[in-house]
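All remarks here apply to the structure that follows.
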């Protein structure tokens with residue numbers, strides 16, 4: 001498999017290392033010195049999948065090009081989800097193939113699946129109040145993280161008593177219908193996310209702690225392998241569901 005790297009920062013470098021270790025080839029690389037916006041489709045003729053960890057400001061332009069050029073892409077860049085309907089329209093119009101996720105850790109995908117399995121029961125247990133906490137290194141640009149927001153939105157979807165995510169600091173009593181999502185920036189933490197349910201009796205917690213960027217890169221490379229030969233707009237959940245279906249015992 002030949003990969004194009006769109007964004008050659010720390011995540012792009014980690015993807016290149018993992019892909020090479022697994023026998024794949026790194027093709028053209030694009031960054032601020034060689035913008036993808038200036039690329040010609042002919043430069044990507046031998047590329048199987050583009051892996052995009054670039055910047056939110058250029059994400060939509062990149063996505064449009066992937067669709068128009070029918071170049072399968074795995075996209076870790078966030079900040080464009082408000083335009084998801086437009087992107088889905090491009091995918092359908094061109095029969096394109098895109099997989100996006102705010103977090104490519106397979107462990108986070110497993111955590112989210114476990115959380116969704118537990119939410120129907122927790123919806124019946126009104127004594128448990130939900131909240132999300134995350135910690136990242138001091139160089140992270142967004143706060144809270146896209147992953148923390150996504151986890152909070154899953155809780156809102158699964159609990160009838162919650163109707164919105166509240167990412168802001170609270171200086172008074174919080175709305176009981178809110179899921180409070182809090183963020184801490186400190187040191188060199190690669191990423192820790194905890195979804196908790198607190199009651200007067202005990203606390204239940206779902207936690208994921210990243211040990212480094214390599215885990216995210218492994219997930220991105222696996223997504224690039226999985227998306228080949230498929231058409232549509234996918235998330236990491238689709239890949240995980242496919243794995244679970246393959247692992248299910250036959251009857």
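Laid out as a table, the results:
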read-out	value
Any hit, the range 44-55, residues being under 29 Å from residue 144 (Cα atoms) and over 17 Å from the mean Cα position of the chain (by Cα)	no
Number of positions in the range 26-42 that are outside any loop (DSSP other than H, G, I, E, B) and in contact with a helix residue (DSSP H, G or I) (Cβ under 8 Å, 6 or more places away or on another chain)	8
Hey, residue 119 in the same structural domain as residue 194 (by TED's automatic domain parsing) and either surrounded by 12 or more Cβ atoms within 10 Å (Cβ to Cβ) or farther than 13 Å from residue 147 by Cα (or both) or not	yes
Criterion: in the same structural domain as residue 8 (by TED's automatic domain parsing) and free of Cβ contacts under 8 Å to residues at least 24 places away in the same chain - qualifying residue of 163, 52, 82	82
Index of the failed condition, residue 51 passing every other in (1) assigned to a helix (DSSP H, G or I); (2) modelled with pLDDT of 95 or more	(1)
Filter result (crowded, with 18+ Cβ neighbours inside 10 Å and either touching a helix residue (DSSP H, G or I) at 6+ places or on another chain (Cβ under 7 Å) or part of a helix (DSSP H, G or I) (or both)) within the range 123-145	128, 130, 132, 134
Condition met for residue 103 (in contact (Cβ under 8 Å) with a residue 60 or more places away in the chain and either not in a helix (DSSP H, G or I) or not assigned by TED's automatic domain parsing to the domain that holds residue 10 (or both))	yes
Some residue of the range 58-73 being assigned to a strand (DSSP E or B), touching a strand residue (DSSP E or B) at 6+ places or on another chain (Cβ under 7 Å) and crowded, with 18+ Cβ neighbours inside 10 Å	yes
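Let's see how each residue does on (1) modelled with pLDDT under 95; (2) in contact with a strand residue (DSSP E or B) (Cβ under 7 Å, 6 or more places away or on another chain); (3) in the same structural domain as residue 8 (by TED's automatic domain parsing):
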{"site": "199", "(1), (2), (3)": "no, no, no"}
{"site": "205", "(1), (2), (3)": "no, yes, no"}
{"site": "221", "(1), (2), (3)": "no, no, yes"}
{"site": "226", "(1), (2), (3)": "no, no, yes"}
{"site": "242", "(1), (2), (3)": "yes, no, yes"}
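The values are calculated or read from the model by the stated rules, or taken from the named source; none is laboratory data. This structure is a prediction, so every number in the text was calculated from the model and none was measured. Virtual Cβ from ideal backbone geometry, glycine too; neighbours counted across all protein chains shown.
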